[in-house]
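Structure, as structure tokens:
Nothing in this text is a laboratory measurement; each read-out follows from the coordinates by a stated rule. Note that the structure is predicted; figures quoted are calculated from it, not measured. Glycine also receives a Cβ, built like all others from the backbone with ideal geometry; neighbour counts cover every protein chain displayed.
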Ligand SMILES: [Zn+2]
Ligand SMILES: [Zn+2]
């Protein structure tokens with residue numbers, strides 16, 4: 001069963017805005033049996049006020065509230081249209097926002113019945129002047145997060161602290177069972193280090209603890225290929241050695257292209273196959 005568990009659509013304003021149907025056609029061409037739409041749902045208005053970015057940047061992070069119903073409707077339409085060719089799953093990449101737990105629970109309770117497959121991702125940390133995206137650009141990572149916490153290690157320490165909360169939090173019966181790009185903090189690693197950050201002591205210590213929580217909670221991980229294509233990352237999320245650790249613990253690793261444009265569909269699938277073969 002060839003599946004993609006993490007993809008974006010024309011409802012993503014930092015993506016290519018190509019028609020979602022084009023992504024689907026490409027997935028069929030590449031022989032995918034199943035393909036999950038996991039678009040960024042709207043962010044709470046109160047949270048957006050805490051992002052110290054231009055309106056244009058904030059608006060591109062996630063869809064507007066008014067688009068969500070239309071998104072769900074359209075994805076279900078495609079699911080039905082292509083049902084004989086590919087299993088399309090309708091989902092969301094839900095953000096974990098520690099200060100907006102009930103807002104998120106309400107969103108999931110309202111839309112959960114219409115969702116087949118979703119992700120829970122951590123894209124934001126508290127930082128200079130409010131909250132900062134972990135993945136905006138290296139300068140923002142430095143000024144907004146490293147300078148706020150004191151060091152790269154301290155940013156990662158905070159990321160893991162919030163991740164711990166994310167795994168344990170009660171978001172109701174529709175809480176996603178898969179964690180998106182578990183090591184997203186590595187996105188700009190080569191701006192700050194000569195090699196991969198995966199082997200740092202702080203990371204290795206926390207991994208064991210968090211993987212146990214993931215296993216006990218029956219969560220799976222998005223084995224996300226986007227990092228290979230980020231010039232300062234050049235690795236999957238999580239990286240090969242960490243993925244091997246997950247696999248040896250029996251954690252389910254689901255391939256995710258994290259496609260934001262049609263050309264991304266299927267990227268890194270060969271690597272995923274090699275990693276998960278005979279495991
Ligand atoms: Zn995105
Ligand atoms: Zn993401």
Inset, instruction - Determine the relative contact order of the chain: mean sequence separation of Cα pairs under 8 Å and six or more apart, normalised by residue count, in whole percent. - result: 21 percent
Inset, instruction - Determine the relative contact order of the stretch 42-168: mean sequence separation of Cα pairs under 8 Å and six or more apart, normalised by residue count, in whole percent. - result: 21 percent
Inset, instruction - Return the single residue from 169, 265, 155 with maximal mean-square fluctuation; model: Gaussian network over the chain, springs between Cα atoms under 10 Å. - result: 169
Inset, instruction - May I ask what percent, to the nearest 5, of DSSP beta bridges between residues of the stretch 3-276 are antiparallel? - result: 20 percent
Inset, instruction - Report the full-extension gain for the segment residue 154 to residue 205: residue separation times 0.36 nm, less the Cα-Cα distance, to one decimal in nm. - result: 17.0 nm
Inset, instruction - Can you work out the PRE-style zone for residue 216? Point 7 Å along Cα to Cβ, and I want the residues of the stretch 166-188 with backbone N under 16 Å. - result: 166-170
Legend entry - Cβ-derived FRET efficiency at R0 35 Å, residue 161 paired with residue 273, nearest 0.05: 0.55
Inset, instruction - Once you've got the GNM for the chain with C-alpha springs shorter than 10 Å, pick whichever of 183, 38, 195 has the biggest mean-square fluctuation. - result: 195
Legend entry - Kirkwood Rh, angstrom, the chain [1 / mean 1/r, Cα pairs]: 19.0 Å
Inset, instruction - Take the Cβ-Cβ distance between residue 13 and residue 248 as r, set R0 to 30 Å, and report the resulting FRET efficiency rounded to the nearest 0.05. - result: 0.15
Legend entry - Likely footprinting exposure, 90, 128, fewest C-beta neighbours within 10 Å first: 128, 90
Legend entry - Segment residue 34-residue 55, extension gain: residue separation times 0.36 nm, minus the distance between their alpha carbons: 4.0 nm
